[in-house]
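Reviewing the structure listed below.
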Amino acid sequence: MQHNIDVEKLGPQGEIMAHAIEACVHCGFCLPACPTYQVLGEEMDSPRGRIFLMKEVLEGNLSMEEAQPYLDKCLGCQGCVTACPSGVPYGELITTYRGWSEPQRHRSPFQKLFRMGIQETLPYPARFRAAAALGQLGKPVKPLLPPLLQAPLELLPAALPRLEPLPELVPAEGERRARVAFLAGCAQQVLQPNFNHATLRVLARNGVEVVIPKGQGCCGALAMHTGERARALHFARTNLSAFAGEYDAILTNAAGCGSGLKEYPLLFHGEPEQAQAHQLAAKVKDVSVFLVELGLKAVPPLERPLKVAYHDACHLAHAQQVRAEPRQLLKSIPGLELLEIPEGELCCGSAGTYNLEQPEIAAALGERKARHILATGAELVVTGNIGCFTQIQTHLRKLGREIPVLHTLELLDRAYTQSPILPGR
């Protein structure tokens, strides 16, 4: 697609946007891979439609306000990146475009307050826990609230788990095979702290010494993907410093966080820390990839056969191209039957803060995903991202089916320790 974009006028990230737009040949392979196109059926709610809109805005042929409703509906799931035969880096385009456009946008006071509430709570576990506790008190009056305020309450668990602080160092059991740094994440420390503790136990059991750097913070993905580039840079600079030590790898157990760290070269493009960002990103690995590369120690057989459906988190499958490794870990558990979910490549509707900001589309996708999971006949659902976990659990509950949902490493941890996997068994 030819363009007449004044790259210099857009700053250091202008060339990234121009290159992505130019790579699109408008073929339409992205249409069936796009969740919003599947739900809404509108050309402008597809990746190629959005690329055209961004091109028109950047060339000055269309106002930002005209294009924004369609661009806001994009989940940023990058399903289109996997489907694209031309290799269009759509994820880079939508991220840089939002970073460029957000400071120029006109939002209502309510929208500004709502977004500020998200940005000032979710990345900070203590604040988020306080906000979640307050939200639970508000559940009885949920029907009286506007739809935008009802969505966060629906996603909260019935009760918040007990706070379990992480140690600064977890020694390897037996001979040390590797030494890694671990990103703790934000929301999952509050909503599902066992994700991290199970991950640390599995790593230690496999001879991995884990350092949890005290100075780390939010990866910045939430800010980066919602156009808050300055805020994202602040978080990222904190982590460049915190993870500067000598490690065999920097591990994450959340698809969105891992993808966020790997996007630091994009975030720091044109910034003084660009080389440092590339160095950090090169060390980042999802814990499933690391364990497969390291070689997993033998897992004891399950007490009885278990049917498990694995859900591909978009920022693992599409953004990081990690599909085989989580499945390989699950298949290493004797007695486990792995089931594939129909339309497994389609987003569940969580997508960072999308299910808070676009609750109707997110709910349609969440129900669609939950119904496909139920169709597999699975006894248990496994995924590798806190957002997907929360979304899937919420919509299974809405359909009246309380199928347990676990993180991949939680299931592996229970198999190692031969702990009960299903309630009452």
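For the range 394-415, name all the residues that are open to solvent by 10 Å² or more (accessible area, probe 1.4 Å) and over 21 Å from the mean Cα position of the chain (by Cα). Hits for the range 394-415 are ARG397, LYS398, LEU399, GLY400, ARG401, GLU402, ILE403, ASP413, ARG414.
The selection criterion, being free of Cβ contacts under 8 Å to residues at least 60 places away in the same chain, charged (D, E, K, R) and open to solvent by 50 Å² or more (accessible area, probe 1.4 Å), does not hold for GLU56.
Of everything in the range 218-254, what is part of a loop (DSSP other than H, G, I, E, B) and surrounded by fewer than 19 Cβ atoms within 10 Å (Cβ to Cβ)? Give them in sequence order. Residues satisfying the conditions are ALA244, GLY245, GLU246, TYR247, ASP248.
The set of residues in the range 109-133 being more than 18 Å from GLY352 (Cβ to Cβ) and open to solvent by less than 50 Å² (accessible area, probe 1.4 Å) consists of ALA133 alone.
Within the range 197-216, how many residues turn out to be out of contact with any strand residue (DSSP E or B) (no Cβ under 8 Å at 6 or more places or on another chain), at pLDDT 95 or above and within 18 Å of LEU261 (Cβ to Cβ)? Here the count works out to 1.
Here is a yes/no grid of residues against (1) outside any helix (DSSP H, G or I); (2) in contact with an Asp or Glu (Cβ under 7 Å, 6 or more places away or on another chain):
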{"site": "ALA18", "(1), (2)": "no, no"}
{"site": "GLU22", "(1), (2)": "no, no"}
{"site": "HIS26", "(1), (2)": "yes, no"}
{"site": "THR36", "(1), (2)": "no, yes"}
{"site": "GLY49", "(1), (2)": "no, yes"}
{"site": "PHE52", "(1), (2)": "no, no"}
{"site": "GLU65", "(1), (2)": "no, no"}
{"site": "GLN68", "(1), (2)": "no, no"}
{"site": "SER101", "(1), (2)": "no, no"}
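Of GLU164, GLU175, all but one fail to be open to solvent by 10 Å² or more (accessible area, probe 1.4 Å), among the acidic types (Asp, Glu), more than 16 Å from LEU409 (Cα to Cα) and at pLDDT below 95; the exception is GLU164.
Restricting the first member to the range 321-345 and to residues that are under 24 Å from GLN38 (Cβ atoms), and the second to residues that are of a type in the set (Gly, Ala, Ser) and open to solvent by 50 Å² or more (accessible area, probe 1.4 Å), the beta-carbon pairs closer than 9 Å and six or more apart or on different chains are ILE341/ALA375; PRO342/ALA375.
Yes/no matrix, rows are residues, columns are (1) in contact with a Cys (Cβ under 7 Å, 6 or more places away or on another chain); (2) over 30 Å from GLN111 (Cβ atoms):
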position	(1), (2)
ASP312	no, yes
VAL322	no, yes
ARG327	no, yes
GLY349	no, no
GLY377	no, yes
GLY387	no, no
GLN391	yes, no
ARG401	no, yes
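Evaluating GLN136 against the criteria (1) surrounded by fewer than 16 Cβ atoms within 10 Å (Cβ to Cβ); (2) closer than 30 Å to VAL7 by Cα leaves one unmet condition, (2). Do we find a residue being over 30 Å from GLU228 (Cβ atoms), among the hydrophobic types (A, V, I, L, M, F, W, C) and at pLDDT below 95 anywhere in the range 413-424? So far as the range 413-424 goes, yes, one or more of its residues are over 30 Å from GLU228 (Cβ atoms), among the hydrophobic types (A, V, I, L, M, F, W, C) and at pLDDT below 95.
Here ALA378 meets the list (1) over 19 Å from the mean Cα position of the chain (by Cα); (2) surrounded by 24 or more Cβ atoms within 10 Å (Cβ to Cβ); (3) small (Gly, Ala, Ser) almost entirely, failing just condition (2). Restricting PRO12, PRO32 to residues that are within 24 Å of GLY352 (Cα to Cα) and assigned to a loop (DSSP other than H, G, I, E, B) narrows the list to PRO32. All conditions but one from (1) more than 22 Å from ALA184 (Cα to Cα); (2) in contact (Cβ under 8 Å) with a residue 40 or more places away in the chain; (3) touching a Lys or Arg at 6+ places or on another chain (Cβ under 8 Å); (4) open to solvent by less than 10 Å² (accessible area, probe 1.4 Å) apply to GLN391; the one that does not is (1).
The values are calculated or read from the model by the stated rules, or taken from the named source; none is laboratory data. If you're wondering where the values come from, they're calculated on a predicted model, not measured in any experiment. Glycine also receives a Cβ, built like all others from the backbone with ideal geometry; neighbour counts cover every protein chain displayed. Keep in mind that these areas ignore ligands, DNA and RNA; they rest on the heavy atoms of the full protein, side chains included. Shrake-Rupley method; radii C 1.70, N 1.55, O 1.52, S 1.80 Å.
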